[in-house]
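What follows is one structure encoded as structure tokens, with my remarks underneath.
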Amino acid sequence: QQQVKQSPQSLIVQKGGISIINCAYENTAFDYFPWYQQFPGKGPALLIAIRPDVSEKKEGRFTISFNKSAKQFSLHIMDSQPGDSATYFCAASDRGSTLGRLYFGRGTQLTVWP
Amino acid sequence: GAVVSQHPSRVICKSGTSVKIECRSLDFQATTMFWYRQFPKQSLMLMATSNEGSKATYEQGVEKDKFLINHASLTLSTLTVTSAHPEDSSFYICSAPRGGTGNTIYFGEGSWLTVV
């Protein structure tokens, strides 16, 4: 059973556009929601993370929006650049149970055209 | 810079041999580390939870006798693939939570294993 559902599977955006990736979860015990960026042949790199006590977090061109009642969260990449082309994974963790155990979405392959 | 280091980044071994992959937390201690496996164009699949000073916890379907995990110190966990076969070829990645409450979870760079 997929604990975290991610969409779309792939996304093509023009340079300068906004990339939006959505995730949904069921387990209300989740209290940590990170996004990871992965380039081919590399390990996932932490991009940005949010906790359920805030509805939005922004770091540079990357913003997480969090809707606790809907159990959804999304990643917005503003002014998308070709260098942002990578696979993005959302994840969730219940730090009260297994510290550091992450449940991953299936990933979104983002392509930004110049 | 990297906060979790993995070694080797790439390894090729012959079928039937064993290979060890190391995962180190840099400048922080990790009582728990995680080992994932990732196939091309797929998500990360958790294999096992490595616990310092005790036995690892394996996910359902993961052969504990094939994938030996040792967490001998607070900064080092090792994954040994025993009697490797070509189907074990994959990208293996470790992670470690950093911070008193698992504040941030960092991943290593991953290790490509090719069994020939």
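Quick note: the coordinates plus some simple rules give every number you see, no bench work behind them. Remember, it's a predicted structure, so these values are computed and weren't measured experimentally. Glycine gets a Cβ as well: all are built from the backbone with ideal geometry, and neighbour counts include every protein chain shown.
The table below gives the values:
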| quantity | calculated |
| --- | --- |
| Rounded to 5, the percent of DSSP beta bridges in chain A classed as antiparallel | 90 |
| Residue-count net charge about A:ARG51 - beta-carbon cut-off 13 Å; Lys, Arg +1, Asp, Glu -1 | -1 |
| Contact order relative to length of chain A, as percent, for alpha carbon pairs under 8 angstrom and 6 or more apart | 37 |
| Using θ = phi - 60° and Karplus 6.51 cos²θ - 1.76 cosθ + 1.60, couplings along region A:88-95 (whole Hz; Gly, Pro as x) | 10, 10, 8, 8, 9, 9, 10, 5 |
| For region B:27-116, the fraction of alpha-carbon pairs in successive 10 Å shells from zero, as % | 17, 50, 28, 5, 0 |
| Compactness of the protein assembly as shown, expressed as Rg and Dmax over alpha-carbon positions, Å | 17.7, 52 |
| Full-stretch length increase - B:ARG10, B:LEU26 - with 0.36 nm per residue and alpha-carbon distance subtracted | 3.8 nm |
| Sequence ranges A:63-72, A:85-94, B:43-52, ranked by mean other-Cβ count within 10 angstrom, highest first | A:85-94, B:43-52, A:63-72 |
| Region A:15-114 - Debye-derived log10 I(q)/I(0), Cα point model, q = 0.14 Å⁻¹ | -0.50 |
| Sum of side-chain charges, A:VAL13 neighbourhood, beta-carbon under 15 Å (Lys, Arg +1; Asp, Glu -1) | 0 |
| Length-normalised contact order of chain B in % [C-alpha pairs under 8 Å, at least 6 apart] | 36 |
| Separation of the B:THR17 and B:GLU59 label points, Cα + 7 Å toward Cβ, nm | 2.8 |
| Filter on A:LYS57/B:LYS41; A:LYS42/B:LYS14; A:LYS58/B:LYS41; B:LYS20/B:LYS55; B:LYS41/B:LYS64 - keep pairs with C-alpha separation over 22 Å | A:LYS57/B:LYS41; A:LYS42/B:LYS14; A:LYS58/B:LYS41; B:LYS41/B:LYS64 |
| Förster-model FRET efficiency, 35 Å R0, B:HIS85 and A:ILE12, C-beta, rounded to 0.05 | 0.40 |
| Gap separating the Cα centres of region A:1-27 and region B:45-111, nearest whole Å | 27 |
| Residues A:ASP84, B:ASP27 arranged by fewest to most Cβ contacts within 10 Å | B:ASP27, A:ASP84 |
| Separation of alpha-carbon centers, region A:35-114 and region B:1-35, rounded to whole Å | 24 |
| Mean Cβ count within 10 Å, highest first, over the residues of peptides A:23-32, B:105-114 | B:105-114, A:23-32 |
